Amino acid sequence: MPVNLKGRSLLTLKDFTPTEIRYLLDLSHDLKIKKRAGIKNNLLEGKNVVLLFEKTSTRTRCAFEVACFDEGASVTFLSNSQMGKKESLEDTAKVLGRYYDGIEYRGYKQADVETLAKCSGVPVWNGLTDADHPTQVLADLMTIEEYVNKPLKKVKICFVGDARNNMGNSLLIGAAKMGMTFVGIAPKSLWPSEALVAEMQEVAKQTGATISFSEDTADVKGADVIYTDVWVSMGEHNFAERINLLKPYQVNAALMQATENPDCIFMHCLPSFHDLETEIGKQVHDEFGLTEMEVTDEVFRSSASVVFDEAENRMHTIKAVMVATIGKQ
């Protein structure tokens, strides 16, 4: 049956079937080819989109804005609304739903993006919450398809680091949905919740995915993808605790070699603390003596690293989500 995502929100990939995710990925590849060829279809012409931001952003904001401009939509960036201050989330959603055809939300609580979707009456897209980051995972899957010469069902991806953060959760969901081999490699205290793992194990029974967790970095053997994220998420400040826990899980040349796969790629959702060119990087160096954190500069800048292609693909997959849910496609 043909896939129709008109009017759908993207709050988490849990809500989407493998067929629907496949459709979004295929559309993303197609839209990327057309952009490279200079083809503009104005698939969002006449549409108005609002971007609600409670957290700072580089890739998410720019990706949504460029995607809208490419296809003819108008955009409002809103970071100083009355939402949650003088006006309830529900009331804000009902107002914005009268003005806009789609709403992007980047903030803290997953419950907030769910309330926006429930009350606005228009599609809502999750640009990041503390629990989930679905648009990032779509970009990750697209990038894997560009660089790993095998079907997703035959790909082994290892997430190394804080496996219970929003990226650890989201990659687990995406891998389970697409039938991949997923290995979370982290201290046991930083594994995802038992409830989420159990839920994805049930999905895996239908898709053929393999899901496992380990505290041993040797289990990266055979990986096609090594993925990591920052050790301390936005808004947190427990660097001492996380450094002690995660220093053995730094992605370095030795860990990449331990995959025994010369074609293994390195991925990171960015931003990354791979050098001392950031304020936080300098602060951590001054306090803890580290020049690099979750990934070494050597790996980050290596030929195995596809992080900037991955970042570009945020825009192509976000465009596909908007076109599929509110566009002419």
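None of the figures in this text is laboratory data; all of them are computed from the coordinates on show. What you are looking at is a predicted structure, and each value in this text was computed from that prediction instead of being measured. Counting neighbours? That spans all protein chains shown, and the Cβs are built from the backbone with ideal geometry, glycine included.
Using a ≥ b ≥ c from the Cα gyration tensor of the stretch 186-322 (square roots of the eigenvalues), is it rounded, prolate or oblate, where a/c under 1.5 gives rounded and otherwise the larger of a/b and b/c decides, a/b for prolate? The shape class here is rounded. Looking at the stretch 1-99, the GluC sites (Glu not before Pro) that sit in a DSSP loop and have at most 13 other Cβ atoms within 10 Å of their own Cβ are Glu45.
Would you calculate a helix-derived [θ] at 222 nm for the chain, using -39,500 (n - 2.57) for each DSSP H run of n ≥ 4 and dividing by the full residue count, to the nearest 500? The helix-only estimate for the chain comes to -13000 deg cm²/dmol at 222 nm.
Test of understanding: what is the full-extension gain from Lys86 to Glu279, defined as 0.36 nm times their sequence separation minus their Cα-Cα distance?
66.1 nm
Between Arg22 and Thr56, take the C-beta separation as r, use R0 = 30 Å, and let me know the FRET efficiency to the nearest 0.05.
Numbers: r = 32 Å, r/R0 = 1.08.
The computed FRET efficiency comes out at 0.40.
Amide H to amide H distances under 5 Å link Val251 with Val295, Thr296, where only residues 5 or more positions off or on other chains count and H is placed in the peptide plane.
Taking 25 Å as the cut-off for C-alpha to C-alpha distance, list the pairs among Lys40/Lys153; Lys153/Lys247; Lys177/Lys221; Lys156/Lys328 that go past it. Could you put the intermediate results ahead of the total?
Details: Lys40/Lys153 33 Å; Lys153/Lys247 31 Å; Lys177/Lys221 23 Å; Lys156/Lys328 36 Å.
The pairs that break the limit, which is 25 Å between Cα atoms, are Lys40/Lys153; Lys153/Lys247; Lys156/Lys328.
Taking 7 Å steps out from each Cα toward its Cβ at Glu194 and Ser303 produces label points 4.7 nm apart. Nearest 10 degrees is fine. How inclined is helix 134-147 to the longest principal axis of the chain, computing both from alpha carbons? For helix 134-147, the angle is close to 60 degrees. Shape class of the chain from the alpha-carbon gyration tensor: prolate, with a/c at 1.5 or above and a/b greater than b/c. Note on Arg36 and Asp286: their simple-model spin labels are 4.4 nm apart, each label 7 Å out from Cα toward Cβ.
Taking amide H as placed 1.01 Å from N in the peptide plane, Ser305 has its amide H under 5 Å from the amide H of Phe266, each at least 5 places away in sequence or on another chain.
Give, in nm to one decimal, the length gained when the segment between Asp263 and Ser74 is fully stretched (0.36 nm per residue of separation minus the Cα-Cα distance). Spell out each step's value before the answer.
On the way: separation 189, 0.36 × 189 = 68.04 nm, distance 4.13 nm.
Fully extending the segment from Asp263 to Ser74 adds 63.9 nm.
In the stretch 225-274, which GluC sites (Glu not before Pro) fall in coil by DSSP and have 14 or fewer other Cβ atoms within 10 Å? Before the final figure, lay out each step's value.
On the way: sites: Glu236, Glu241, Glu260; in loops: Glu236, Glu260.
Sites meeting the loop and neighbour criteria: Glu236, Glu260.
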